[in-house]
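Some notes on the structure that comes next.
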């Protein structure tokens, strides 16, 4: 049997203390993994609402789902939730936490699903763990598994933000990280054939409330947010 990949070793090793490992790097900046998870859950709800999409009518695929941390917040809103990850230890934890959702480990290459089986595929802080030579294939595969009109959502760290780079450089989970810019992510999905691609920065200010989250959105076209999102629409 082939040995584990670097990503498998990293995430299998922290499956039981994932949030604590991230908090150790975030703490010096007065933030926590829970804060960022909740922000992403609110962001996803806002993005769908702005496009008139109801998650209750959507089957969600979470690529690189880890232990399913965000599923506690967004899972009940979706018609179904499926998660895949290269870390079998993380998948085991996700299954134990959320027995009503579907989880499976996979090799990290082609997603183990037929074409057009989901309404939304998301990858939250996943692409920077993928070897750059495989970025284009992953973007194309996320679109492949979507139904016509489906949404592919990527949330990533912004390499132009110095605080973000400092956190990534000191987090053991990110020792393999290669950060990609917002423009690179947009281009990946355009080349993959998405009919519409839009991207914005987030976390230019700490969005502690819904009002501040709206204000943060006003800065979305500027490049200095700590993270960014990219939303691509599959044609048809």
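Coordinate-derived values only; no laboratory data. Please read all numbers here as calculations on a predicted model, not as lab measurements. Glycine gets a Cβ as well: all are built from the backbone with ideal geometry, and neighbour counts include every protein chain shown.
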Inset, instruction - Classify region 63-122 as rounded, prolate or oblate from the Cα gyration tensor: take a ≥ b ≥ c as the square roots of its eigenvalues, call it rounded if a/c is under 1.5, otherwise prolate when a/b beats b/c and oblate if not. - result: oblate
Legend entry - Rounded if a/c under 1.5, otherwise prolate or oblate - region 6-233, Cα gyration tensor axes: rounded
Legend entry - Ranked 210, 156, criterion: other C-beta atoms within 10 Å, fewest first: 210, 156
Legend entry - region 6-233, relative contact order in percent, only Cα pairs under 8 angstrom and at least six apart counted: 17
Inset, instruction - Using a/c under 1.5 as the rounded threshold, could you call region 57-160 rounded, prolate or oblate? The axes a ≥ b ≥ c are square roots of the C-alpha gyration tensor eigenvalues, and prolate needs a/b larger than b/c, oblate otherwise. - result: rounded
Legend entry - Exposure proxy order (Cβ contacts within 10 Å, fewest to most) of 79, 165: 79, 165
Inset, instruction - Going by C-beta contacts inside 10 Å, put 87, 54, 201, 77 in order with the fewest on the left. - result: 54, 77, 201, 87
